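S.K.: Provided herewith is a single structure, encoded as structure tokens, for subsequent inquiry.
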Amino acid sequence: MLEKGIKAPSFSLPDKDGNIRTLDEFKGKRVILYFYSKDNTAGCTKQACGFAELYPQFIEKGAEIIGISKDSAASHKRFAEKYDLPFVLLSDVELDTIKAYDVWQEKKMYGKTSMGVVRTTYLIDKDGMIEAVFGKVKAAENPAQMLEVLE
């Protein structure tokens with residue numbers, strides 16, 4: 001994972017509608033940038049729905065939420081529509097941003113080792129610097145945890 005106090009790596013990725021979004025367009029706002037493994041899986045859905053439920057409070061505090069996974073833009077579109085997700089989901093099928101944020105790591109599950117996205121959330125300040133890092137977060141608790149950090 002990246003460390004607190006460094007400049008957040010820039011990115012240019014398609015959202016669920018195929019529009020290219022960049023970190024620079026959120027300058028002046030705090031950004032909760034969370035990385036998750038897959039649309040429509042139990043933990044990822046809990047995390048996304050938690051952020052959706054608290055979204056008005058995040059906006060009130062001047063923070064934007066961006067979720068990134070290696071799923072396609074079409075998958076993100078179905079996921080966002082199914083759960084009425086009001087925030088930005090970005091598709092990183094090439095893994096460039098996922099690797100730049102050092103969340104593509106070796107994982108072990110049921111004795112099997114594979115590479116995958118380690119659930120990680122970054123808080124990026126108004127100037128694009130990493131303000132806080134939360135690794136191996138608990139999906140259901142992460143949205144409330146992030147809202148608390150903004151206090």
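S.K.: Starting from the exponent 0.38 and prefactor 2.2 Å, build the expected Rg for the chain from its residue count and divide its actual Cα Rg by it.
M.R.: 0.96
S.K.: Among Thr41, Thr121, rank each residue by its count of other Cβ atoms within 10 Å, from fewest to most, as a rough exposure measure.
M.R.: By the 10 Å Cβ count, ascending: Thr41, Thr121.
S.K.: How large is the dipole of the chain about the Cα centre if only Lys and Arg carry +1 and Asp and Glu carry -1, each at its Cβ, rounded to the nearest 20 debye?
M.R.: 500 debye
S.K.: Something else: Of all DSSP beta bridges in the chain, what percent run antiparallel (nearest 5)?
M.R.: Antiparallel bridges: around 70 percent, rounded to the nearest 5.
S.K.: Go through the range 59-67 residue by residue and turn each phi into a ³J(HN,Hα) via Karplus (6.51, -1.76, 1.60, θ = phi - 60°); whole Hz please, and just put x for glycine and proline.
M.R.: 4, 4, 8, x, 10, 10, 10, 9, x
S.K.: Let me ask something else. Report relative contact order for the chain in percent, whole number only (criteria: Cα-Cα under 8 Å, sequence separation at least 6).
M.R.: 34 percent
S.K.: Turning to a different aspect of this structure: Each residue of the range 2-7 in order: what ³J(HN,Hα) in whole Hz does its phi give by Karplus 6.51 cos²θ - 1.76 cosθ + 1.60, θ = phi - 60°, with x for Gly and Pro?
M.R.: 7, 9, 4, x, 9, 5
Bear in mind that the values in this text are calculations on the coordinates, not laboratory data. Keep in mind that this is a model prediction, so the values were computed, not measured. For neighbour counting, all protein chains shown are included, and Cβ atoms are generated from backbone atoms with ideal geometry for every residue, glycine included.
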